[in-house]
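Colleague: Handing you this structure, nothing more for now.
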Amino acid sequence: MLEEFFFGGLSGGLFVIAVAADLLGIKFKQFEKFARMTSYLVLPVLALAGAFIAFHLGKPERGILFPFFFKNYDSWLVIGGWSVGLAVPLVATYAALWYYKINATIRRVLGVIVSPILGFVSFYTGLLLSGAMFVPLWSQEYLPYLFLNSGVLTGLAGSGLMYVLYQNFGSSKSEESSGVLRIIGYAIIFFVLVELFELQRFMDHLSSNPVKIDNSGYFVAPNGSVMAYEYVTQGVLAPWFWWGIIGLGLTIPLILTFIEMIFNKVIQPYVDWISGVKFASILSGGIILRFVIVWGGELKAPLTVIPQLNQIPFGG
Amino acid sequence: MKLTRVIHSGGQNLDSAFTDSLQPSVSRRGFITAAGMGIGLAAMGPSLVREAKASGVAKDPRNLTQIKTICGNCAVGCGFIAEVENDTWVSIEPWFEHPINQGSLCSKGAAAREHVISEKRLKYPMKLEGGKWKRLSWDTAMGEISSKLKDIRKKHGPDALMILGSAHHNNEMSYALRKFAAFWGSNNIDHQARICHSTTVAGIANTWGYGAMTNSMNDIRNSKCVFIIGENVCTSHPIAMQHILTAKEENKAQIIVADPRFTQTSAFANKNLQFRSGTDVALIYGLVNVILKNGWEDKSMINDRTYGYSDLKEELKRYDLETVSDITGCPVADIEHAARLMAENRPGTLIWAMGGTQHANGTSNTRSYAALQLVLGNMGKPGGGCNIFRGHDNVQGATDLGVLSNTLPGYYGLGVNSAYKHWSNVWGVEHDWMKSRFKNEKIMGKPGFTVARWYEGVLMDSKELGQDVNVHAAFYWGHSCNSQSQMDRVKKALDKVELLVDIDPFVTTTSILPDRKDGVYILPAATVYEQAGSVTNSNRDIQWRNQVVKPVWESRKDLDIIIDLADRLGFGKEFKKNRKGPWKQLPEDITREWNLGMRTIGMTGQTVERMKRQQEWGHAFDLKTKIAEGGPCDGEQWGLPWPCWTEKHPGSHILYRTSIPVAKGGMGFRARWGTKAPDGRTLLAGNGSAPVASSINEGYAEMKNWKTDLTGKVFEDAIAKGLAPYGNGRARFHVWTFKDDPVPKHREPIHSPRPDLITDWVTYDDVKDHFRVPTLFKSLQKADWVKKYPLILSSGRQVEFEGGGNSERNCQWLVELQPEMYAEIHPRLANDNRIRHGDWIWVESPEDTDSEPSRIKVKAKVTRRVSPDMIYLPFHWGGVFNGKDLSDKYPEGYVPYGMGESANTVMNYGYDRITQMQETKTGLCRIIKA
Amino acid sequence: MATTNITIPNRSASGPEGKHAPARMKFYVDTKRCIECGGCEIACKNENNVPPGIARIRVVTVNEGQPGETNVAVPCMHCSNAPCISVCPVDALFNRADGIVHVNKETCIGCGYCLYACPFGAPQFPQGSPFGKRGVMDKCTYCAGGPEEAFSAVEQQLYGSNRIAEGKLPMCASVCSTKALVAGDAEEVANVVRYRAAARGSGNIWGAGTAYPSN
Ligand SMILES: Nc1nc2c(c(=O)[nH]1)N[C@H]1C(S)=C(S)[C@@H](COP(=O)(O)OP(=O)(O)OC[C@H]3O[C@@H](n4cnc5c(=O)[nH]c(N)nc54)[C@H](O)[C@@H]3O)O[C@H]1N2
Ligand SMILES: Nc1nc2c(c(=O)[nH]1)N[C@H]1C(S)=C(S)[C@@H](COP(=O)(O)OP(=O)(O)OC[C@H]3O[C@@H](n4cnc5c(=O)[nH]c(N)nc54)[C@H](O)[C@@H]3O)O[C@H]1N2
Ligand code: SF4
Ligand code: SF4
Ligand code: SF4
Ligand code: SF4
Ligand code: SF4
Ligand SMILES: [Mo]
């Protein structure tokens, strides 16, 4: 489950970044190559996400034929399934337009139109979980944004990493890499700060013992979310949360980016390497985020719902 | 289509019975008009929508036969309906009209079918040969076993055989087994009751005559107070909770639980007394002292119906509340509060079981409980009494039928010229022939080895024993070896004994534990569901258990095995008959045989025909009185609880009840010890205390020949005059034959965690010949045990398993609920020892008479059930020994689903002074993180 | 047979059509009575031949070993407004007219989404955790089989027995040791609850005070 969330989120992020770079490429030529390569990366990552989903189904054959089976449009899984399904040909077309260099304008227009769909793929991984109303950690208000942001962040890292690798081991080394990496650095600072802010609000929300009443009238007692908060930040998952999400995923990249900027000159020869480490760090933080959220879901609040409360009609 | 609720206008269907079983107190008629739960629903499918029929009920197309039968696990005696198709047991239906359980079943009862269909059932006889298990035919197996037995008998005499019988055997098999031992010529036969309620039987039979539960599970519905001490009803007798909770809800009964742990049952108590294990007498005396101080005692009960009250009062002086509180660890205020609840809420019942019995002074414990009920005046009353919850499905029956080394059936004892004479008469054999079967008359009248310590008969030098030969052959016939304490010693005996035979539906720990290469036979027995017969539940209800299916695989009915064995040993002809002629119909003819001989306790009126008729008429019986209203059973009590003197007698649901005539089940206390005590005081009840409608309204002696008259005339005459055949006597606080404790005393456990109390509350002197083995008390009660072993070690039950667990650990469903052996350990103790929930730990206990301490490796279950100074182990596990998995010693394919270390490997030395009950509730140990 | 004189009046208020109103099948778990005996769990296995690793009903204990220890048996509660139904992507879950929530094993894709949605952990998957393991979802059927022909071999094999079609009630409730688990038509079940509330004195049923403020 955490794999498809990660790759789903990543593919969304990658696409959005590819399109953004494509648009930047109108003005700054050095982004062209970066944008092109990123656009090639989206499809395999998306396919990987799809493969993981199918692999995790009890009946994969029924999942693959989802257009025939997915009927319940109240279910986020169906909406998500369709958005992934829709994304695949569009992403493929976009990549093809790049590959055959057919028409940049058509490509850019398509990119802009398709971006929200892919953004939604990231966003929806959070929505999917929030369908489980009785898992206090899976909050509808916080998770989708967190996952969207993390999707973009990991997308930046993923594309960046590939770019760095290509620059160093690829056939032709382009001279413009430092400019691209700097812009990516700015973006990373921005999204890391946003994610830190979101996480902080999310944890605040959990620890503040919110009373959660959902629309079906079930009452989830308050302490469920405090338990979840403690489980994540102080319990078994705490090392993953602090070292993984906060440390690897956010703090280290932030520090490395600052180092890059401040000691620009000194580290110039190593900048690719430092960036590489930074990107890998972000990616692992992203995986760990999914891991923590998914495993944190083991903690349900089963008996905070008093079974008979909603079972016996006392009308008649 | 619209689903409609269909109302059944008449007749009962299962579900209105279900409704009634939910609210028995709601009038049945009222409920049916309220549209009951006779709801027929049509099934609905996407393509298939079926119209609800006129009756609203579709019929299962299978061709099922319904067979009523009785659960084979615990002594509650629940009934259920087995559904069988082509001799295959396919499902279970609740028997809602069964008066005891009303359709309910706990996990073990609900898993009854799995006992039969489990893939792990032992399929054919096997023997261990050169370290390998080899399949045998029944004929070869029985031939080899019997010829070895004959050899052993020739070389060492009949006392070289020990038979461990079973409380799972029905009455007929139990009776046959005891008869078999007599015909073989030895008293070396015993069964689980020894390590279960022997101290209850000895204690209370010596108090008021009979050693059985006095009232019934159903009668608890009449109680205003339920005092539960040393019994965990929720796990051990789950269905009894139905009656207890009804009393709590409908009578506002006070539930008081006294237990060293906070048990599943404690959760339902109004008042909990958590106290130190092994201090029951002190706690009870504390309660009695509060009652006396406030004048709450029942003076007329004490004056008219008891003996030795002044002796009790003398002993009570040592138990002021501060002392009691110091000994028990229970706050004074709690004791006072509980005593007040009992005094203010009468009638109250007292429930006990293993927490009280399994101690070196277990007999004193049970006597002190009885004393409390006498003082409160709760005896002989609906809602009162001592509701002693017995263990196995037929442990009461097997005890009654004397599968014990100290008596023949019916508690006749072993008197060569009394007991053996009576039974020879019933069996239709010459008294002299019977005598000739034994080595000599002296040993014929001497109690044999017990389950608790039979293995010393193998291990000790024969000069130390109370018989002049060692034990060379052992039969485990429906018994586990992992239920005996000091199991590492048991293992040594199993290693050494010449011939070991295990007769069981499953491969048990007994067969695989010993380190040996030859001489072990395992014979597949049928389960209780594959053999018919009568079973006696805890409250003396005798119910007919129908055979559900034929014995599966090659397994055989226990009765068939024993008859085969008797034939091969050469006394089959004498064995298979009685004074009325040879057995023709089995098991019914055996029922008729014990009907004839079981005079003492009135197991005489429960004919096969009456039992089978009751089975059909369960719905006619009232839940609170257990009496049938109308129909062919009119006036009878469910289960014809003994004494049921004649074929017209309704049975005696409540013992010692004087408010009804003898003809309806009334009686006084038994006049068992003559009319005058050695001290000259009278033993006959006072004026006006006879059962109503009695021709003598005071105490009277027992009728002449009432125990041996096989015609039944004595009973009929007595009942006609309103007299109980056994007289009308007094209950005894003071028992002069118990030389050490004529009145019960608190005595510190042999392994006491309070060495400072040992001098004042010392245990007994050692005994040289106690059931043929020397037994240590004082010389093992050492003050410094506790230095090395600071923790109290106790043991008991889990709801899903029974006894040694050799059946249940082979049932996958049950193991799924309870997959692992564990030790309960308090969070404080765990933290102090850096142990976390789920960690492996070693539990180690003193060396006692061995050279080394014993140890087991188990997982820590951190829980607040136990106090911080104790460790609690469930004892149902086997297959692992001293941390070593024994899987490779099982025959291929027979490794049970559940394997774990046996608690009894570390249970300490300690045996009851009177009955040799093993002390498995209080010992010492220490823990080491593994 | 009756000794206590309480009768529940005929529900005449609902009029004759009340008798033909669709039944709504419900469970009631009396937490003041459940003794954690496991009878319901095993009875379910026995009745429905549920494979190892699948627990259609489980007993949960709260505050073990402490005052206030409480046990709750949790089968599928056959929720009205069931959250599992709303998340299932393929509509394999559905409400029968009598309120029973069924799963169609022929269409379930085994995504496990229902397990996360269900407040009671009722959906079960072979071999433990969902996502990552094969097989389709199994859960308590209210002993009503599944969306196949009643008593057919397919139904028996996929879903277990169909007691409801026979006019019998669920096995777990039928054998419950202490009658803690009550099943049946909602109104009848409510009668039992009322009766017990009356016997215990008001406010004694766990949660009753919150659910049914003084009436
Ligand atoms: N530490 C510790 N030890 C204890 C206790 C304790 O509390 N703590 N309790 C003690 C008590 S009270 C008891 S009663 C004993 C339990 O004594 P166990 O002997 O352990 O009792 P069970 O395991 O119930 O049954 C014994 C065997 O009978 C077999 N059996 C079942 N039905 C039949 C049948 O129809 N025919 C035949 N031939 N065999 C059958 C079963 O498979 C099982 O292997 O344990 C005692 N040991
Ligand atoms: N599930 C299940 N049910 C069974 C059985 C089984 O094996 N499994 N076995 C059956 C048999 S054979 C029997 S005999 C009965 C036994 O039934 P129980 O007597 O209920 O069995 P235990 O759990 O051994 O012990 C009861 C309680 O005694 C407490 N106790 C420990 N030490 C002391 C003490 O010094 N004083 C007092 N007062 N209490 C103490 C323990 O904490 C424990 O809770 O159950 C029968 N029913
Ligand atoms: S084990 Fe005891 S309580 Fe459970 S069903 Fe059998 S007889 Fe009843
Ligand atoms: S599966 Fe869960 S959510 Fe669905 S009906 Fe059952 S209890 Fe309710
Ligand atoms: S596992 Fe099956 S029933 Fe559950 S949500 Fe997925 S498809 Fe629906
Ligand atoms: S209703 Fe039937 S399927 Fe559901 S838990 Fe109870 S016994 Fe199992
Ligand atoms: S059978 Fe009844 S009492 Fe036993 S665990 Fe299940 S719900 Fe609780
Ligand atoms: Mo027992």
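The values are calculated or read from the model by the stated rules, or taken from the named source; none is laboratory data. Since the structure is predicted, the reported quantities are computational estimates derived from the model, not experimental observations. Cβ placement follows ideal geometry from the backbone for every residue including glycine, while neighbour counts extend to all protein chains displayed.
Colleague: State the number of residues belonging to segment C:28-55 that are over 14 Å from B:Thr265 (Cα atoms), within 16 Å of ligand 3 (Cβ to nearest atom) and more than 7 Å from every other protein chain (Cβ to nearest Cβ). Even if it seems obvious, please write down each step before you answer.
Modeller: Step one: of segment C:28-55, the residues over 14 Å from B:Thr265 (Cα atoms) are C:28-30, C:38-55.
Subset that is within 16 Å of ligand 3 (Cβ to nearest atom): C:38-47.
If we keep only those that are more than 7 Å from every other protein chain (Cβ to nearest Cβ) as well, we get C:40, C:44.
Counting residues in segment C:28-55 that are over 14 Å from B:Thr265 (Cα atoms), within 16 Å of ligand 3 (Cβ to nearest atom) and more than 7 Å from every other protein chain (Cβ to nearest Cβ) gives 2.
Colleague: Can you tell me which residue within segment B:223-253, out of those that are under 15 Å from B:Lys271 (Cβ atoms) and within 10 Å of another protein chain (Cβ to nearest Cβ), is farthest from the chain's Cα centre (by Cα)?
Modeller: Filtering first and then ranking leaves B:Lys252.
Colleague: Report yes if some residue within segment B:622-645 is closer than 16 Å to B:Trp95 by Cβ, at pLDDT below 95, in contact with a Pro (Cβ under 6 Å, 6 or more places away or on another chain) and buried (at least 20 other Cβ atoms within 10 Å of the Cβ); otherwise report no.
Modeller: Yes, segment B:622-645 contains a residue that is closer than 16 Å to B:Trp95 by Cβ, at pLDDT below 95, in contact with a Pro (Cβ under 6 Å, 6 or more places away or on another chain) and buried (at least 20 other Cβ atoms within 10 Å of the Cβ).
Here's the yes/no breakdown for (1) modelled with pLDDT under 85; (2) under 26 Å from C:Gly110 (Cα atoms):
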| residue | (1), (2) |
| --- | --- |
| A:Trp76 | yes, yes |
| A:Tyr99 | no, no |
| A:Asn103 | yes, no |
| A:Gly111 | no, no |
| A:Phe120 | no, yes |
| A:Gly131 | yes, yes |
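Colleague: How many residues are touching an Asp or Glu at 6+ places or on another chain (Cβ under 8 Å), more than 16 Å from ligand 8 (Cβ to nearest atom) and either away from every other protein chain (no Cβ under 13 Å) or farther than 29 Å from C:Ala197 by Cβ (or both) if we restrict to segment B:198-222?
Modeller: Residues in segment B:198-222 being touching an Asp or Glu at 6+ places or on another chain (Cβ under 8 Å), more than 16 Å from ligand 8 (Cβ to nearest atom) and either away from every other protein chain (no Cβ under 13 Å) or farther than 29 Å from C:Ala197 by Cβ (or both): 1 in total.
Colleague: Scan the strands (runs of 3 or more DSSP E) fully inside segment B:823-930 and keep the ones with 1 or more residues being farther than 25 Å from B:Thr263 by Cα and more than 16 Å from ligand 4 (Cβ to nearest atom).
Modeller: Because the criterion is at least 1 residues that are farther than 25 Å from B:Thr263 by Cα and more than 16 Å from ligand 4 (Cβ to nearest atom), the strands (runs of 3 or more DSSP E) in segment B:823-930 that meet it are B:854-862, B:879-881, B:923-929.
Colleague: Among the residues of segment B:757-776, how many are within 19 Å of B:Leu404 (Cα to Cα) and among the basic types (Lys, Arg)?
Modeller: So the answer is 1.
Colleague: Related question: Among the residues of segment C:162-187, write down those that are in contact with a helix residue (DSSP H, G or I) (Cβ under 7 Å, 6 or more places away or on another chain) and more than 7 Å from chain B (Cβ to nearest Cβ). Write out each step before concluding.
Modeller: The initial filter retains those residues of segment C:162-187 that are in contact with a helix residue (DSSP H, G or I) (Cβ under 7 Å, 6 or more places away or on another chain), namely C:162-163, C:167-169, C:171-172, C:174-179, C:181-183.
Those that are in contact with a helix residue (DSSP H, G or I) (Cβ under 7 Å, 6 or more places away or on another chain) and more than 7 Å from chain B (Cβ to nearest Cβ): C:Arg163, C:Met171, C:Cys172, C:Leu181, C:Ala183.
Colleague: So which of B:Ala360, B:Ala398, B:Ala371 is in a loop (DSSP other than H, G, I, E, B) and within 16 Å of ligand 2 (Cβ to nearest atom)? Explain how you work it out, then say what you get.
Modeller: On the way: B:Ala398 fails: in a loop (DSSP other than H, G, I, E, B); B:Ala371 fails: in a loop (DSSP other than H, G, I, E, B).
Result: B:Ala360 is the single residue among B:Ala360, B:Ala398, B:Ala371 that is in a loop (DSSP other than H, G, I, E, B) and within 16 Å of ligand 2 (Cβ to nearest atom).
Colleague: If I filter segment C:112-132 for residues that are under 25 Å from C:Gly167 (Cα atoms), facing another protein chain (nearest Cβ under 9 Å), out of contact with any helix residue (DSSP H, G or I) (no Cβ under 6 Å at 6 or more places or on another chain) and in contact (Cβ under 8 Å) with a residue 40 or more places away in the chain, do I get at least one hit?
Modeller: Scanning segment C:112-132 turns up no residue that is under 25 Å from C:Gly167 (Cα atoms), facing another protein chain (nearest Cβ under 9 Å), out of contact with any helix residue (DSSP H, G or I) (no Cβ under 6 Å at 6 or more places or on another chain) and in contact (Cβ under 8 Å) with a residue 40 or more places away in the chain.
Colleague: Tell me, please, whether a residue that is under 29 Å from B:Gly103 (Cβ atoms), in contact with a Pro (Cβ under 9 Å, 6 or more places away or on another chain) and either surrounded by 23 or more Cβ atoms within 10 Å (Cβ to Cβ) or free of Cβ contacts under 8 Å to residues at least 60 places away in the same chain (or both) can be found in segment B:591-603.
Modeller: Checked against the condition, which is being under 29 Å from B:Gly103 (Cβ atoms), in contact with a Pro (Cβ under 9 Å, 6 or more places away or on another chain) and either surrounded by 23 or more Cβ atoms within 10 Å (Cβ to Cβ) or free of Cβ contacts under 8 Å to residues at least 60 places away in the same chain (or both), segment B:591-603 yields at least one hit.
Yes/no per residue for (1) surrounded by 14 or more Cβ atoms within 10 Å (Cβ to Cβ); (2) among the acidic types (Asp, Glu); (3) part of a loop (DSSP other than H, G, I, E, B):
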position	(1), (2), (3)
B:Lys123	yes, no, yes
B:Lys134	no, no, no
B:Thr140	no, no, no
B:Ser147	no, no, no
B:Arg153	yes, no, no
B:Met162	yes, no, no
B:Ala167	yes, no, yes
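Colleague: Let me ask something additional. Among the candidates B:Pro382, B:Pro347, which residue alone is away from ligand 4 (no atom under 16 Å from the Cβ) and within 14 Å of chain C (Cβ to nearest Cβ)?
Modeller: So the residue among B:Pro382, B:Pro347 that is away from ligand 4 (no atom under 16 Å from the Cβ) and within 14 Å of chain C (Cβ to nearest Cβ) is B:Pro382.
Colleague: Follow-up question, since we're still on this one. Can you name the condition, by its number, that C:Ser80 falls short on among (1) away from ligand 7 (no atom under 16 Å from the Cβ); (2) more than 26 Å from A:His56 (Cα to Cα); (3) at pLDDT 85 or above?
Modeller: Here C:Ser80 meets the rest and fails (3).
Colleague: If we keep just the residues of segment C:71-91 that are at positive phi and touching a residue at least 12 places away in the same chain (Cβ under 8 Å), which is farthest from the other protein chains (Cβ to nearest Cβ)?
Modeller: Restricting to residues being at positive phi and touching a residue at least 12 places away in the same chain (Cβ under 8 Å), the top hit is C:His78.
Colleague: Looking only at residues in segment B:61-120 that are small (Gly, Ala, Ser), more than 16 Å from ligand 1 (Cβ to nearest atom) and not in a strand (DSSP E or B), which one is nearest to B:Asn170 (Cα to Cα)?
Modeller: B:Ala110
Colleague: Taking the conditions exactly as written (under 19 Å from the mean Cα position of the chain (by Cα) and more than 16 Å from ligand 7 (Cβ to nearest atom)), does B:Ser166 satisfy them or not? Before you say what the answer is, go through the steps one by one.
Modeller: On the way: under 19 Å from the mean Cα position of the chain (by Cα): yes; more than 16 Å from ligand 7 (Cβ to nearest atom): yes.
Considered against the rule, which asks whether it is under 19 Å from the mean Cα position of the chain (by Cα) and more than 16 Å from ligand 7 (Cβ to nearest atom), B:Ser166 comes out as yes.
Colleague: Any chance you could count how many residues in segment B:170-197 are within 14 Å of ligand 8 (Cβ to nearest atom) and in a loop (DSSP other than H, G, I, E, B)? Give the steps one after another, and end with the answer.
Modeller: Going through segment B:170-197, the residues within 14 Å of ligand 8 (Cβ to nearest atom) turn out to be B:190-197.
From what's left, in a loop (DSSP other than H, G, I, E, B): B:191, B:196-197.
Number of matching residues: 3.
Colleague: For segment B:273-306, enumerate the residues that are among the hydroxyl-bearing types (Ser, Thr, Tyr) and buried (at least 23 other Cβ atoms within 10 Å of the Cβ). It would help to see each step written out before you state the result.
Modeller: Kept after step one, since they are among the hydroxyl-bearing types (Ser, Thr, Tyr), are these residues of segment B:273-306: B:277, B:279, B:285, B:300, B:306.
Listed by number, the residues that qualify are B:Ser277, B:Thr279, B:Tyr285, B:Thr306.
Colleague: Out of segment C:56-70, which residues are buried (at least 19 other Cβ atoms within 10 Å of the Cβ) and more than 8 Å from chain B (Cβ to nearest Cβ)?
Modeller: Matches in segment C:56-70: C:Arg56, C:Ile57, C:Arg58, C:Val59.
Colleague: Given the options B:Asp518, B:Asp488, B:Asp502, name the one that is touching a residue at least 60 places away in the same chain (Cβ under 8 Å), touching a Ser or Thr at 6+ places or on another chain (Cβ under 7 Å) and of a type in the set (Asp, Glu).
Modeller: Exactly one residue qualifies, and that residue is B:Asp488.
To keep it simple, each residue is scored yes or no on (1) among the aromatic types (Phe, Trp, Tyr); (2) surrounded by fewer than 17 Cβ atoms within 10 Å (Cβ to Cβ); (3) within 13 Å of chain C (Cβ to nearest Cβ).
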| residue | (1), (2), (3) |
| --- | --- |
| A:Phe5 | yes, no, yes |
| A:Ser39 | no, no, no |
| A:Gly63 | no, no, yes |
| A:Leu86 | no, yes, no |
| A:Lys101 | no, yes, no |
| A:Arg108 | no, no, no |
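Colleague: Go through segment B:88-108 and count every residue that is within 12 Å of ligand 7 (Cβ to nearest atom) and at the interface with chain C (Cβ under 7 Å from one of its Cβ atoms).
Modeller: Number satisfying all stated conditions: 6.
Colleague: Please find, among B:Asp219, B:Asp311, the residue that is surrounded by fewer than 19 Cβ atoms within 10 Å (Cβ to Cβ) and away from ligand 4 (no atom under 16 Å from the Cβ).
Modeller: On the way: B:Asp219 fails: surrounded by fewer than 19 Cβ atoms within 10 Å (Cβ to Cβ).
Answer to the selection: B:Asp311.
Colleague: Pick from B:Pro753, B:Pro790, B:Pro774, B:Pro819: which is within 27 Å of the chain's Cα centre (by Cα) and either at pLDDT 95 or above or crowded, with 23+ Cβ neighbours inside 10 Å (or both)? Don't jump to the end; show me each part of the working.
Modeller: Values: B:Pro753 fails: within 27 Å of the chain's Cα centre (by Cα); B:Pro790 fails: within 27 Å of the chain's Cα centre (by Cα); B:Pro819 fails: either at pLDDT 95 or above or crowded, with 23+ Cβ neighbours inside 10 Å (or both).
That would be B:Pro774, the only listed residue that is within 27 Å of the chain's Cα centre (by Cα) and either at pLDDT 95 or above or crowded, with 23+ Cβ neighbours inside 10 Å (or both).
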